[in-house]
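Colleague: Have a look at this one.
The values are calculated or read from the model by the stated rules, or taken from the named source; none is laboratory data. Keep in mind that this is a model prediction, so the values were computed, not measured. Positions of Cβ are generated from backbone atoms using ideal geometry, with glycine treated the same way; all protein chains shown enter the neighbour counts.
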Amino acid sequence: GGWSITGGTVTNPGIWSYEGVAGAHIGFSGLCFLAAIWHWVYWDLEIFCDERTGKPSLDLPKIFGIHLFLSGVACFGFGAFHVTGLYGPGIWVSDPYGLTGKVQPVNPAWGVEGFDPFVPGGIASHHIAAGTLGILAGLFHLSVRPPQRLYKGLRMGNIETVLSSSIAAVFFAAFVVAGTMWYGSATTPVELFGPTRYQWDQGYFQQEIYRRVSAGLAENQSLSEAWSKIPEKLAFYDYIGNNPAKGGLFRAGSMDNGDGIAVGWLGHPIFRDKEGRELFVRRMPTFFETFPVVLVDGDGIVRADVPF
């Protein structure tokens, strides 16, 4: 059988399933590798030769303009068509607790809210704006020659200078991607990439679980009924094995048949001492590798423990 990332009824999504998107990116990166190898081998093509002298010659400012224009078109197209759903599926959008996520079109957010990393509309508006700027800048570099002093001063004819400076110019994007993955954003939904370590540290999902249980008890539900209404996804997010800072901990056995990986929720145990106080398990801090079982009451007083 198949599986659904939302836990709902499985339907055939076609090629653009969760794995299909990942596979397409892997395949495209492989094609980029092959293109790089091809250009490495066939570096002395006629197109790279000066017609007047017959010697190899690269017009690097023009090459820069071509690549900037093409990357601008791709950037604009992604924001204006793919993300907005104008010609494409949209992107994954979910609620703050990662329970209702699905692929849907997104309208660009042109106000200050577009700078909020958790607002999906900012993804569309950013790519439209950045793509437009890239297209205009690319056309400018294709049609305008740099002054000779600037050309020589910035060593624009030197391939090493051009390549190294271009790496530096876009290197910030790697920091943005790493930062959004670590701290969380609209580009890294919980359903697709899992919780962040800060959601574990702050008991983010635990607080929502207890809020729902308390609301259920206020409606005269039994403790068992209130807990049974907690979505499995919400309970699963509040599992220390899903904390990305835990690395390879909480994994045991062979990965190929799922041993050591949580596949279901058996329920929530409730501990009480002989006075009838409900006890809660102290959360393991992120950067501890081992931690005793410490049971505290509602006032934070330690009532029992199971040492190492």
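Colleague: Against the conditions (1) of a type in the set (Ser, Thr, Tyr); (2) under 18 Å from the mean Cα position of the chain (by Cα); (3) surrounded by fewer than 16 Cβ atoms within 10 Å (Cβ to Cβ), where does Ser94 fall short? Just the number, please.
Modeller: Here Ser94 meets the rest and fails (3).
Colleague: While we're on this one: In the list Thr132, Thr180, which residue meets the criterion of being in the same structural domain as Gly88 (by TED's automatic domain parsing) and under 30 Å from Thr100 (Cβ atoms)?
Modeller: Details: Thr132 fails: under 30 Å from Thr100 (Cβ atoms).
After ruling out the rest, the residue left standing is Thr180.
Colleague: Just to be sure, is Phe28 assigned by TED's automatic domain parsing to the domain that holds Leu154 and either out of contact with any strand residue (DSSP E or B) (no Cβ under 6 Å at 6 or more places or on another chain) or hydroxyl-bearing (Ser, Thr, Tyr) (or both)? Quick ask: steps written out before the conclusion?
Modeller: On the way: assigned by TED's automatic domain parsing to the domain that holds Leu154: no; either out of contact with any strand residue (DSSP E or B) (no Cβ under 6 Å at 6 or more places or on another chain) or hydroxyl-bearing (Ser, Thr, Tyr) (or both): yes.
When the stated conditions are applied, Phe28 does not pass them.
Colleague: Taking only region 31-64 into account, find how many residues are under 24 Å from Phe140 (Cα atoms), free of Cβ contacts under 8 Å to residues at least 60 places away in the same chain and within 36 Å of the chain's Cα centre (by Cα).
Modeller: Selection size over region 31-64: 1.
Colleague: Which numbered condition in (1) part of a loop (DSSP other than H, G, I, E, B); (2) surrounded by 14 or more Cβ atoms within 10 Å (Cβ to Cβ) is the only one that Glu51 fails?
Modeller: (2)
Colleague: So, one more: I'd like the full set of residues that are free of Cβ contacts under 8 Å to residues at least 24 places away in the same chain and either touching a Pro at 6+ places or on another chain (Cβ under 6 Å) or within 23 Å of Asp50 (Cα to Cα) (or both), limited to region 154-176.
Modeller: Within region 154-176, Leu154, Arg155, Asn158, Glu160, Thr161, Leu163 meet the criteria.
Colleague: Within region 168-226, track down each residue that is touching a Gly at 6+ places or on another chain (Cβ under 8 Å) and among the acidic types (Asp, Glu).
Modeller: Matches in region 168-226: Glu191, Glu225.
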